[in-house]
Amino acid sequence: MSEQVENEQPFSLRLVRRDQERRMARFYTMHLAPTLFGGWDLVREWGRIGSPGTVRIDPFETLEESERALRRIEKQKRKRGYLSRRTEVQLTITGPAPSPENGSLAK
């Protein structure tokens, strides 16, 4: 294992899919983890948001193979409507901030 790989954080990704009409809220997470024998595991977990998910671990010989598998699965999930968690919701706040002066805070 190279020194550069040892110092890097393992790659991780969290995707979510929400559909209000179908009352669906799902997550799909993936991360890469080094094994004790020099290989890499692709660890995946999926399920409903707020519930424990199903976990699957796929072993790979090299970091490059595990990254290719992760990217392939990510592409499939994005085609099915999964989004990165940080781009899932964008809030827009308009109007004045709540304050006791404008009566928007409960006393």
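Which GluC sites (Glu not before Pro) in segment 28-66 sit in a loop by DSSP (not H, G, I, E or B) and have at most 12 other Cβ atoms within 10 Å of their own Cβ?
Glu61
Test of understanding: express the Cα radius of gyration of segment 3-88 as a ratio to 2.2 N^0.38 Å, with N the residue count.
1.19
Can you figure out the FRET efficiency of Gln76 with Glu21, using R₀ = 30 Å and their beta-carbon distance, to the nearest 0.05?
On the way: r = 23 Å, r/R0 = 0.75.
The formula returns an efficiency of 0.85 here.
Only loop residues by DSSP count here, and only those with at most 16 other Cβ atoms within 10 Å; note down the chymotrypsin sites (Phe, Trp or Tyr not before Pro) in segment 31-84 that meet that.
In loop regions of segment 31-84 (DSSP not H, G, I, E or B), the sparsely surrounded chymotrypsin sites (Phe, Trp or Tyr not before Pro) are Phe37.
No value in this document is a laboratory result; all are computed from the given coordinates. As the structure is a prediction and not an experimental result, all values here were calculated from the model. Counting neighbours? That spans all protein chains shown, and the Cβs are built from the backbone with ideal geometry, glycine included.
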